[in-house]
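The values are calculated or read from the model by the stated rules, or taken from the named source; none is laboratory data. The model shown is predicted, which means the values in this text are computed figures rather than measured ones. Cβ placement follows ideal geometry from the backbone for every residue including glycine, while neighbour counts extend to all protein chains displayed. Heavy atoms of the whole protein, side chains included, go into the accessibility calculation; ligands, DNA and RNA do not. Shrake-Rupley method; radii C 1.70, N 1.55, O 1.52, S 1.80 Å.
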Amino acid sequence: IWTGEWGAGVPVKVDRSIPARIGPVGFPVSAYDDEFTSGLAVLEDDRKIYWERHWERQILVGDPATGEILSHIPIGIASNMVVSRDDRYVYVPVWSGSLYGLRAIDTEIDEITRAMIVDMAPYGIGLPFDVALNPEGDRLWITTKDVNPTELPDPPLASLLIDPIRWVKLQAFPRPVPPGTKTRWVQAATFHPHGKLLYQARDDDIDVYIIR
């Protein structure tokens, strides 16, 4: 598997069976000594790798075979990213910066070619925080952060289901807030292998949604 390395801002490969790091890939390290990577995505057969650098506010595109940086994509702060089933797009939720919203990077030219503001009326504008792609590749789930945690909206911002092929919003899913809950932190999400259930981490709980 691939993961980000704290302090260098570079992706490294790990053998899960050991587990241990499998040698340096050779990508240049960041100029920031506390750089880190919140999200990365790899094309089939490790043809290319995309990873976010938090302090540099950009996504880098690299060749794992040579350690060469192929492209720099200014984007702001992203938390995660996923690759479309045909390897054509990398979907990136951006929650900070002038490009906040959902972005699609075309892997043939390594440029942002599609953009969407996460407007979840009547819930308001959300800051996309995590993304999950269903097994068929025709549904994206976007989790959101409240824009201003000191002024929590009521109701809280929702999660969003998107059709990435037609690039349209399908449905907003209200985020539950149990009585006495003080935090509103929505984290990672993942689809069940059959694609009909979605698991989303929220505060200390896991919410389960049915996707019809």
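Sorting His54, His192, His72 by accessible area puts them as His72, His192, His54; the probe is 1.4 Å, largest comes first, and only protein heavy atoms count. Take the residue pairs Lys48/Lys169; Lys169/Lys196; Lys145/Lys196 and return only those whose Cα atoms are more than 26 Å apart. Long pairs (Cα-Cα over 26 Å): Lys48/Lys169.
Modelled label positions at Ile165 and Ile22, each set 7 Å beyond Cα in the direction of Cβ, lie 3.3 nm from each other. Stretching Asp138 away from Lys13 to a fully extended chain increases their span by 42.1 nm, per 0.36 nm per residue minus the current alpha-carbon distance.
Computed over the alpha-carbon atoms, the stretch 2-43 gives an Rg to Rh ratio of 0.98, Rh here being the Kirkwood radius from the mean inverse distance. Looking at the stretch 54-113, the chymotrypsin sites (Phe, Trp or Tyr not before Pro) that sit in a DSSP loop and have at most 16 other Cβ atoms within 10 Å of their own Cβ are Trp55.
Calculate the tail of P(r) for the stretch 4-113: the fraction of all Cα-Cα distances greater than 18 Å, expressed in %.
In whole percent, the long-distance tail amounts to 46.
The slack in the chain from Glu44 to Glu111, taken as 0.36 nm per residue of separation less the alpha-carbon distance, amounts to 22.3 nm. Looking at the stretch 1-121, the accessible area is 47 square angstrom per residue; that uses a 1.4 Å probe and ignores ligands, DNA and RNA. Proximity of backbone amide H atoms, modeled 1.01 Å from N, is registered between Ser159 and Phe173, Arg175 at under 5 Å, excluding neighbours fewer than 5 places apart on the same chain. Net charge dipole, the stretch 1-116: roughly 300 debye, given to the nearest 20, about the Cα centre with Cβ charges of +1 for Lys and Arg and -1 for Asp and Glu.
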